[in-house]
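Report on the following structure.
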Amino acid sequence: MSFYFFGEKIRLVSDIIAGYLSIFLMGIAAVVFLTYYKKWGALWRYVKTTHHSKVGILYLSAGFAFFLRAGLDALIIRAQLALPQNEFWVFQGDKYNQMMTTHGTTMIFFVAMPLIIGLMNVAVPLQIGARDLAFPFLNALSFWLFLAGGALINISFVLGGSPTAGWTSYVPLALDEFTPATGNDYYSLGLQVSGIGTLLTAINFLVTIINKRTPGMKLMRMPLFTWATLVTSILILFAFPALTVALLLLMFDRLYGTGMLAADAGNSLIWQHLFWIFGHPEVYILILPAFGIFSDVITTFAKKRLFGYSSMVIALVLIGFLGFMVWIHHMFTVGLGPTSNAIFAISTMSIAVPTGIKIFNWLFTIRGGVITFNTPMLFSLGFIPSFVIGGVTGVMLATVPADYQYHDSYFVVGHFHYVIVGGTILGIFAGVYYWWPKLFGFMLNDVLGKWHFWTFLIGFHITFFPMHIMGLKGMPRRVFTYLPEDGLTGLNLASTVGAFMMGGSMMIFLWNIYQSYRHSPREVGNDPWDGRTIEWTIPSPPPEYNFARLPKVYSSDAWWQAKKYQNGRLEAAEELSPIRMPLDTAKPMLIGMFMLIGSFGIIVEVWYFQLVGLLGVIGLMVLHSFQDSGRKMVTPKTHPDEKIGGEE
Amino acid sequence: MEKMNKFGVILFLLLLTGCSPAKWDVLNPKSSTAESQLSLIQLSIALMSIVLITVTVLFTVFVVKYRKRPGWETETENQKPGDKRLEITWTLIPILILTILAVPTVLDTYKLDRETKASDGALVVKVTAHQFWWEFDYPEKGITTSETLHVPVDKKVIIELTSEDTIHSFWVPQLGGKQDATPGRKGKLSFVPNETGVYRGSCAELCGPGHAYMRFHVKVETESEFKAWVDGMKQPNKTSLTDSETKGEEIFKGQCLSCHGSQGLEPKVSGSPAPHLGDFASQKRIANVLPNNRDNLKKWLDDPRKVKPGAKMPSFKTDFTEEEKEDLIDYLMSLNVKEGEKR
Amino acid sequence: MMAEEKIVFSKEFTEEETADRVLGLWFFIGAEIVLFGCLFGVYLTLNNHTVPGESPGELFELKQTILATFLLLSSSFTCAQSFLGAKKNHYKKSFFFLISTFVLGAAFLGLEAHEFFKYVREGHTFTSSPFMSSFYILVGTHGTHVLAGCTWMVLLLIHLKRERITSYTKAKLEAFSLYWHFVDVVWIFIFTVVYLIGKAGIIY
Amino acid sequence: MKLSLNVRQWIGFFLMLTFSGIAFYLVMSIGTIPLWLLIMLLILAVIQATIQLVWFMDIQQGRRGYKWVTISSGLLIAGLAILYLMLLE
């Protein structure tokens, strides 16, 4: 059975039908839920919001939704690889490549990035004492562009097949000569649209952190998560344009018949350079914010100042700078010559120095502290040894001749999962558990949290440690199967078991959210963790203007100092006065929608969709130009929990 | 606790696989190149173990010692928020460790490059990657083959790589690290095999749906065996054919030869669109997927793409009668390079 | 406990809001530098991937390009003057120079469109060779920026006409002038690297 | 004597026109470019860009340091990209 959808033949085979069914059922469930609990109004308020913490919640929830999807892809991949020459459902050959590509692309661009950006949205303005980001409208727009891009990549599976060329999408394989199905068009357009959103976010955070700090919050007094956000934003700012150009070339080559990336007419290596000029900083875009989260969490739960604050900051900046100087190490086997390879091997190794400084500073922050093992702290402690494994294998990969052996083998797969899961994902969980009470006013259950942590960590090691050995035994990455005589069966089976354990661990997390939502006590107060930074001075959840009066800050760990020496009160930097807040608007959502329509029109080559998309986006932007002066003047009242200013 | 997990995992895996690291391909090199790569791997593992152990020990000690417990309530506020001497120490020691690693890395990188460029009497093999098979062309010997690369032992081999379609990557773990085969570019790789045997090789760069089965073997032979094989390759396959084999040969000439070359039937030209079948009968697996036997061959002829996703070969299910298929299979199963024994 | 809320539409921006916009635009320009840098890199790489009968030397008509260059450089000057006028609260000067900027920008676009049509008529289309594709993408991306700038100017002119010079229009004009000058800087390099050097060819 | 911004912009305007004209004239009269002319053209372009950056993109308020930090970082990465892409040929 099959039908045509804008010229693309869609064959209704079992997995596609399952895809349609699940979309349909989830849609129905969502509608029923929203109607039954009368949540349409709340949803609409979220759609219209431009407020940083609500946009943060939107980012987090969309990110987790994509996490479930990409996790499902991972389980499919592991099920197919469990046994040699296995035939799990339909996921061999092209279908396996679809799963592998969506898993990678989604996890990086639509899970790790939005979850991190979500946490930034939630925490950064609070940490620096700002009312909102510098450009709230732009912030909402970034979210909806990201969602539009993510939606494009995700629906491609049921509209003619997902992209198949891996998340790196190397040409010539990704050109229409070798992958004529629309999958890779969805890749180029989806990443382009969400990339614009990410770039806007970066500009937004840069301006916010530079211009919007509360009086006394000097750069060298900022919490480490804010520092990490600053450096990350710089990386995004300069890395994403390279991806934009690469995707532009890919789109023109695939859809408009140019030959810039083709092997015979053009030059295929242009793609690899542009992609990795973006791609390596991207790795640091993912890990630096996690470093920031760990720094904040570890200081809070060890009840101790960060060891070597300034060297931590310098290390962050150094890692960010060096992140741009190492991309050739992804291309050692291309044959660019020994000089290139040697230079980039050394620059790659040198990143280990600032990273090492950070690790030891964390260790010495713990030393002499009073450690409590709450869930966020467990995730941060689990990170240290796990990430060090990923780090040392990274140095091993930098040794060029040895990398000829590791390159594109399962050793690399093991390495980057140790870095991304052992670093970024653990950091995200630590951050979510840590800032959850600030966001919602209740805590996540600690016992379930610990179950979540231990199952996740053990599952993680069982899944990814064997991969190093598989690589050393000669298993290349991105293969959908292997032969019985390869001697890889036991390792792969173990890895599959671990993957399903991690899947189960995610279920515990979801159950924890539900349980805590139902049963956790409300009114946790403004400082449930006995925190150190100024986000813990205001009520949870914060009022929309965050700080009725901005605090005056005299040191890093200002709130901790205030609790110790100032009777738990921070000096106010201003009198109570009306605050200019942005207006709610649905325009960002509509721009995202028109972007989606327009990009979809480009993919299926239907001119009227393209026109509608273009006119819609331009029209809304023109409209916004005449409405951007609207502000809400909010007169704040001090909250009893507010810890800024003298006793009232 | 973490540490225990990791040890548990490693132990569990070793039991499960029942093998020792000495048998892992990369750690069990059979050529000069792979040996020098292994020595770097060992050096880096040793150096990195120092780092890993230091961190793990400190981590465990600190977490256990400073956990909150009755009797451990300390003033954390007045402790030093940093220590320049300590921080300089853990900046300098990593730099030292990395220098120990960087020097041989750079030297080896240049050494490998020099070895690859110096052609001093080496055997040059032009390797062309196709979706999803490898073509091995010996320009000095005037022969072309696929699936199994034959090389003599203790003699330098230079592999010149290129690709016909997408990017592939040539990897034989036991003989040395990989090099990309990029269309429109030349990649180069060299090694001196030092032990006879058959080694597994594979494509390491995603090249399409059939990537997983884009494998090959390298057969390292003694000098005389290699000579015999080269001579054998230059001969027609077989002098006397049975009836059914003759019929099969006719079908082969009519239907298969336009894509597949076969030794002795047609002059071998490099760049043919499908693998060469000169020694088909000696291959372990059909198209690297199914064990090579008559039943599987029939399965393959009926629907190649079902057996190997993305295979370029069309289905011959309806083109031949059952009888013709049997004849063709008879013929294919007779294709073998009988080294030195031939006419 | 509930905070009072009042919605206002004020045509005055605080100094903070203006500073945010200008800083944001600087960062945007930083990203654009990398974008155009990559496009230049692609163009220079594919420079000699031509088909017979087309090469930069045979294709480019320098006389038209120098005219376009003069137009755009002048528009940059008028744009700066317009902002200078706004700074001195000189409405008429500001408005006049902004209109001049728009006219010059539009004329530049017209010339570029004319040039592209000429090439296409001669058979050098977007798909005829990687060289042509990368040329159209580089110059076309710049042209798109000019077009976006012209659209932006139309909006600015309406704002200026309606609001006269306020902190609100000044902030908008300031952001725009940064953008417009940057687009001009890119053109200087396109003119030199693509047209001049391309036309003459280099002796190695 | 410090010139007013207005005067500087007039000077900059005429300088830019002159430099473009010189570059145009040189190429038209010399033809194929020897190395010195290549360097000359690039210098002329850089001077024009600098005039734009310093005299035209002159924003007195806000944080001016970030202007040069952003531009130089952008140029560094763009330069690396151009260098490595050109090395491909």
Using only Cα atoms, what is the ratio of the radius of gyration of the stretch B:157-269 to 2.2 N^0.38 Å?
1.31
Evaluate E = 1/(1 + (r/R0)^6) for B:Asn194 and A:Leu83, where r is the Cβ-Cβ distance and R0 equals 45 Å; express this FRET efficiency to the nearest 0.05.
0.80
Round to the nearest 0.05 the FRET efficiency obtained for A:Ala42 and B:Lys317 when R0 = 41 Å and r is the Cβ-Cβ distance.
0.10
Show log10 I(q)/I(0) for the stretch A:437-592 at q = 0.09, 0.20 Å⁻¹, two decimals, from a solvent-free Debye sum over equal Cα scatterers.
-0.59, -1.16
PRE reach from C:Ala113 (point 7 Å along Cα→Cβ): which of the stretch C:151-177 fall under 14 Å by backbone N?
C:151
Links exceeding 26 Å between C-alpha atoms in this model, out of A:Lys303/A:Lys643; A:Lys643/D:Lys67; A:Lys9/A:Lys48, come to A:Lys643/D:Lys67; A:Lys9/A:Lys48
Which of the pairs A:Lys552/B:Lys84; B:Lys23/B:Lys298; B:Lys126/B:Lys253; B:Lys141/B:Lys253; B:Lys84/B:Lys178; A:Lys95/A:Lys587 have their Cα atoms more than 32 Å apart in this structure?
B:Lys23/B:Lys298; B:Lys84/B:Lys178; A:Lys95/A:Lys587
Spin-label point model (7 Å from Cα, Cβ direction): what's the A:Phe626 to C:Thr144 distance in nm?
2.7
Gap separating the Cα centres of the stretch A:14-77 and the stretch A:507-540, nearest whole Å
23
When each of A:Lys54/A:Lys632; B:Lys219/B:Lys284; A:Lys218/A:Lys564; A:Lys218/A:Lys632; A:Lys54/C:Lys11; B:Lys299/B:Lys325 is checked by Cα-Cα distance, pairs over 19 Å:
A:Lys218/A:Lys564; A:Lys218/A:Lys632; A:Lys54/C:Lys11
Tally Lys/Arg at +1 and Asp/Glu at -1 over every other residue whose Cβ is under 9 Å from the Cβ of A:Ala263; what's the total?
-1
Using 7 Å Cα-to-Cβ label points, what is the A:Ala586/A:Phe33 separation (nm, one decimal)?
2.2
Paramagnetic reach from C:Val154 in the stretch C:70-88 [backbone N under 12 Å; point 7 Å along Cα→Cβ]
none
How long are the semi-axes of the ellipsoid equivalent to chain B, from square roots of 5 times the Cα gyration tensor eigenvalues, in whole Å, largest first?
53, 25, 17
Sequence of A:Ile384, C:Ile165, C:Ile99, A:Ile298 once ranked by neighbouring C-beta atoms within 10 Å, starting from the fewest
C:Ile99, C:Ile165, A:Ile384, A:Ile298
Crossing angle, helix A:426-440 versus chain A [Cα axis fit, 0-90 degrees, rounded to tens]
40
Compute a Gaussian network model of chain C, connecting alpha carbons closer than 10 Å, and tell me which residue from C:Gly53, C:Gly30, C:Gly105 fluctuates the most.
C:Gly53
Taking only the alpha carbons of the stretch C:86-204, what extent do you get along each of the three principal axes, in Å, biggest first?
53, 31, 18
Bin by bin, in steps of 20 Å, what percent of the Cα pairs in chain A do you find, going until the bin that has the longest distance?
18, 54, 26, 2
Do me a favour and compute the ellipsoid semi-axes for the protein assembly as shown from its Cα gyration tensor, root of five times each eigenvalue, largest one first, whole Å.
53, 40, 29
Under 19 Å from the B:Arg67 label point (7 Å along Cα→beta-carbon), backbone N, the stretch A:344-365:
A:363-365
I'm checking a number: the convex hull volume of the Cα atoms of the stretch A:1-96, normalised per residue, in Å³. What is it?
161
Packing-wise, with mean Cβ within 10 Å as the measure, how do B:295-302, B:77-84, A:385-392 rank, highest first?
A:385-392, B:295-302, B:77-84
Rg/Rh for the stretch A:349-411, where both radii come from Cα atoms and Rh is the Kirkwood radius:
1.11
One finds the C-alpha centres of the stretch C:135-170 and the stretch A:599-648 to be spaced, in Å, by 20
To the nearest 0.05, the calculated FRET efficiency linking A:Phe24 and A:His519 through their beta-carbon distance, R0 being 45 Å, is 0.90
So how far, in whole Å, is the C-alpha centre of the stretch B:294-314 from the one of the stretch C:9-78?
54
Footprinting exposure proxy for A:Trp511, A:Trp559, D:Trp36 (fewest neighbouring C-beta atoms within 10 Å first)
D:Trp36, A:Trp511, A:Trp559
Would you order A:Val524, A:Val395 from fewest to most other beta-carbon atoms within 10 Å of each residue's own beta-carbon?
A:Val524, A:Val395
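Just so you know, all these numbers are worked out from the coordinates, no wet-lab data involved. Since we're looking at a predicted model, the values are computed, not measured. Don't worry about glycine lacking a Cβ; one is built from the backbone with ideal geometry, like all the others, and counts go over all protein chains shown.
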